[in-house]
Structures are given as structure tokens and as C-alpha cells.
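Written out below as C-alpha cells is the structure these notes cover.
Any read-out appearing in this document is the output of simple, stated calculations on the displayed coordinates, not a laboratory observation. Just so we're clear, the structure is a prediction, and the values are computed from it rather than from any experiment. Here Cβ is always computed from backbone atoms with ideal geometry, including for glycine, and neighbour counts include all displayed protein chains.
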Amino acid sequence: MNIRAIQYLVALAELRHFSRAAERCHVSQPTLSTQIRKLEEELGVQLVERNPRQVMLTAVGEEVVERARGILSEVEAMRAIARRSRDPHSGTVRIGIFPTLAPYLLPHVVPCIRKRFPRLTLRLFEEKTEDVLEMLDQGRLDAGLLALPLHHDGLQVRELFEEPFLLAMPEHHRLAERKQIDLDELQHEELLLLEDGHCLRDQALEVCQLAGAHEKLDFHATSMETLRQMVAANTGITLMPLLAVKPPVAATPNLVTRPFTSPGPSRRIAMVWRKTTALADFLEELSAIFAGIDGSLLES
């Protein structure tokens, strides 16, 4: 059975489009189509329903694709073993990281990784938590940087650090004069939150429940930067993770942040990878670098 044909089938299953699947696999569309037909002939079943409007998998095609993902994951693991045996600190590592952490953590850590492992190629994917977990399951990522808790038995979890949340508000807000904020002072306040799918939204909703606050229902932001600008525009208040206000992030006019009294709300950041990965030893080394982030960056 041709490994390339299996790769083409998985790409087609994910993109549901022959041209885009061929582009991802760096082959022509006829080549991809021919290889998938040969795979169907070899298996003696139809895997793909072809029609002008869309590409669909047959029921057996869905089952085959699930098996195919496992095969590709194992093939990549074999390649990784070979690479690591030649040079443990070279090759490519693919890491997924969620959007409300990526731009604020990576500038502090990536230079250290490049200095420690100069031959390493680091590929970073900014995705929502559920997408990172799915990509890990499919073997498309080697590791993920995510917020705890996670409910996934197949992952090794290394907690890295705890990041406090701050209250972000316009500079003339009634709480802006306070040096620290008690959670109960948020009672009856409306908080601006991110849209569904962001783990920061779930964390903020927990704080709202504890404090007796509620979300502003007529607005859901798509990014942390949108939240920042909406607060600065006097639209409301929100929670922000501490790294999001640390240099090199520039100060935002008409926005101030205040820490919460201890113990305040926070999120726990971890690095996770498949328990079966051949990169486990190296990922342990890599996680130590993420865990070694300058402690002053986590002090409000």
C-alpha cells in the first residue's frame, strides 16, 4: 500500500476539495486523483463520493481515513526516531498554541530555544484549544501549549507556570483608582468576553460566576486585541492574562489594568504531547525551557 496515497486521502478528507488537497500535498490534481483511485482499487471499495459541488467520504471511507491517520502518525514517529538517533536536537518540532497565549509568551521563549537548539526547526501553529487537541490526535502536531485542566487520557502533561489574570478597564472607571481588586467588587459588572471556542472565555465565565458578574451579551470579541481596543473605547471591562500587558506589548491609551487580591484568578499553562510519541525525551527538555520563563514576567 502506497504511503503517499494514504497521505493524499487524509488531505482530501480534511479539505474536501481535490485542488486544495493537491496543493497541500505539492502534487497536481490528476496525480492525487489517480493515486486515490488506485487505493480504492487495491481495497476493492469506494472511498470518495465525487460530484461537482462537493467531495464526500463514503461510510467505509470515513473508517479508512481514521485508520490512515494512525498509520501516518506511526510513520512520522519512525522518521522522528531516525532523526533523533542521528542528532537529538535537530529536525522539526511542530507545536500548537492557543491565540490568547501565543503572541505574548513566544517572544520571551523562542529566542532561548533557538540559542539552545540552533539546528532545530520550530514550526508554530496558532489554533484554538480544541483544534490543537485534534491535530495532536491526528499526528499533525508533536506538542501543544494549552491551559489546564484537560480531559484527554492519551496525553502526557507537564505543567509549566501559573499566569494571573488582571482586570482591564478604561482609566476613568470607578475601580481604576484601586491598587488591587477584590473579586466581589465585580458583582453586577458586565464583562466583555471572547467568542465561543476560546479557552479564555471559559475561564472568564468562571470568574463571572464566582464574582456575581455577567457577560456583555451584545458583544463577543474574536481576539484579545479586539478586547483591548474595545475596553480602551469605553465599551466595558474585561479580564486579561498578565503576559498580554508585559513588554514588548505596548501600552494602550485609556486602558489600565489592576491585579486582584490574593488568591486572584489565574490560568495554569502546560505543555502536552502524545504518550506514544518518539519525541518524549526531547519534549521534556523543551518543556523545561518554557517552564523557565523569567519569573518577573508573571509578577503583577
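Placing a label point 7 Å from the Cα of CYS112 along the Cα-to-Cβ direction, the residues of region 271-294 whose backbone N falls under 12 Å of that point are 286-294.
Straight-line cross-link partners of LYS115 among the aspartates and glutamates, defined as a Cα under 14 Å from its Cα and at least 8 positions apart when in the same chain: GLU285. Seen against the Cα atoms of the chain and their longest principal axis, helix 59-86 is set at about 80 degrees. Charges were assigned to the Cβ only: +1 to each Lys and Arg, -1 to each Asp and Glu. The resulting dipole of region 3-82 about its Cα centre is roughly 300 debye. Under 5 Å from the amide H of ARG274 lie the amide H atoms of GLN156, each residue being 5 or more positions distant or on a separate chain, with H modelled from the backbone and absent for Pro and chain starts. Remark on ARG267: its backbone amide H falls under 5 Å from those of GLU163, PHE165, a criterion applied only to residues 5 or more positions apart or on other chains, H modelled at 1.01 Å from N.
Taking the C-alpha atoms only, the angle from helix 102-116 to the longest principal axis of the chain is near 60 degrees. Ranking MET230, THR252, TYR104 by how far each Cα lies toward the positive end of the dipole of the chain (charges on Cβ) leaves TYR104 at the top. Packing around the peptides 249-258, 186-195, taken as the average count of other Cβ atoms within 10 Å per residue, puts them in this order, highest first: 186-195, 249-258. Taken along the Cα-to-beta-carbon direction at a fixed 7 Å, the label points for THR121 and ASP137 span 2.8 nm.
Protection proxy ranking of 65-72, 112-119, by the mean of other Cβ atoms within 10 Å over each peptide's residues and highest first, is 65-72, 112-119. Compute the distance in nm between two label points, each set 7 Å from the Cα along the Cα-to-Cβ direction, one at SER223 and one at LEU297. Distance between label points: 2.0 nm. Only one residue of GLY295, GLN7, PRO149 has its Cα farthest out toward the positive end of the dipole of the chain, where Lys and Arg carry +1 and Asp and Glu -1 on Cβ, and that residue is GLN7.
Once the Kirkwood radius over Cα pairs is known for region 3-82, the Stokes-Einstein relation at 25 °C and 0.890 mPa s delivers a diffusion coefficient of 192 µm²/s. Couplings 3J(HN,Hα) for region 42-49, derived from phi with the Karplus relation 6.51 cos²θ - 1.76 cosθ + 1.60 (θ = phi - 60°), are 5, 7, x, 9, 8, 9, 10, 8 Hz, where x marks Gly and Pro. To the nearest ten degrees, helix 280-291 and the longest principal axis of the Cα atoms of the chain are 20 degrees apart. Charges were assigned to the Cβ only: +1 to each Lys and Arg, -1 to each Asp and Glu. The resulting dipole of the chain about its Cα centre is roughly 1360 debye.
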